[in-house]
Every structure is written in structure tokens, then in C-alpha cells.
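Right, one structure below, let's go through it.
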Amino acid sequence: MFFEYILLFKYLIVCFLISLILFFISFLFVYQNPNSEKISIYECGFNPFSDSRGKFEIRFYIVAILFMIFDLEIVFLFP
């Protein structure tokens with residue numbers, strides 16, 4: 001009974017190791033050449049007007065959450 005779980009656990013470990021190995025290989029072989037043009041903020045060719053991390057009003061989040069709730073209700077009403 002536990003043999004299936006052992007196989008699954010081994011499979012997950014192998015997948016995790018392969019993904020880590022591929023990640024570190026790609027990190028080592030990538031050619032990184034950052035300069036001021038590449039790391040600068042791009043805003044349609046213009047210099048940035050203000051900070052891009054400005055405050056966002058909570059009303060937009062509330063409208064999005066309400067839309068999702070009512071959209072899910074409609075999906076459940078018409079199965």
C-alpha cells in the first residue's frame with residue numbers, strides 16, 4: 001500500500017532536483033550585461049512623470065471582487 005506513495009515521493013524529489021539543476025545551469029550560463037538604459041523605467045518613450053508604485057484606490061478592488069462573486073453566482077445558476 002505504501003509502495004505507491006514511495007514511488008510518488010521519489011518522483012517528486014527527482015522532479016524537484018531536475019528543476020533546480022536546470023535553474024542553476026541557466027543562471028550560470030546567461031550573459032548579464034545590465035546598463036542604465038536596460039534598467040530604466042520605460043513609459044511610452046517619455047521620462048516617467050511620477051513613481052510607478054503609486055497608491056491604488058480600494059474601490060477598484062471592491063468592484064473587481066464583487067464582479068467575481070456575481071460572475072460565479074451566475075455560473076452556478078446555469079449548470
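The values are calculated or read from the model by the stated rules, or taken from the named source; none is laboratory data. If you're wondering where the values come from, they're calculated on a predicted model, not measured in any experiment. Neighbour counts are summed over all protein chains in view; Cβ atoms, including those assigned to glycine, are modelled from backbone coordinates with ideal geometry. Please note that ligands, DNA and RNA were not included when accessible areas were found on the heavy atoms of the full protein model with its side chains. Shrake-Rupley method; radii C 1.70, N 1.55, O 1.52, S 1.80 Å.
Quick look at the numbers
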read-out: Given (1) open to solvent by less than 100 Å² (accessible area, probe 1.4 Å); (2) of a type in the set (Val, Ile, Thr); (3) at pLDDT below 85, index of the condition Ile13 fails; value: (3)
read-out: Residue check, Ile6 modelled with pLDDT of 85 or more, over 23 Å from the mean Cα position of the chain (by Cα) and loosely packed, with under 10 Cβ neighbours inside 10 Å; value: yes
read-out: Enumeration of residues in the stretch 16-41 that are of a type in the set (A, V, I, L, M), open to solvent by 80 Å² or more (accessible area, probe 1.4 Å) and not in a helix (DSSP H, G or I); value: Ile41
